[in-house]
1. Restricting to the stretch 31-71, what's the tally of residues that are hydrophobic (A, V, I, L, M, F, W, C) and in a loop (DSSP other than H, G, I, E, B)?
2. Name the single residue, out of those in the stretch 1-30 being hydroxyl-bearing (Ser, Thr, Tyr) and part of a helix (DSSP H, G or I), that is nearest to the chain's Cα centre (by Cα).
Amino acid sequence: MPRGVRKTPLQKLEEELKEVQESIKQYKDCLITLGEREKDIQDKIKLEQFKEVSTILDEHEMSIMDLKELLVSSKTEAQAE
């Protein structure tokens, strides 16, 4: 009972190439998804850092402008030295 037509070396290589190309596409899609997750996580980290700064400002009864003035004056003092 015949099992079917045997594949030629060219057909085998073409199938292998197709499989490799499909794998490459899957990896590229995965990289895109991971890149999006990375950016999202970085944004969340920044937000949490801003929340921490805001909490510290509230604890010291300071405004953003107070912080800005403090940073500018300390930078000016550091440059004068």
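Only the coordinates and a few stated rules stand behind these numbers; no lab work does. Just so it is clear, the model here is predicted, and its values are computed rather than measured.
1. Looking only at that region, the number is 1.
2. Per the stated criteria, the residue is TYR27.
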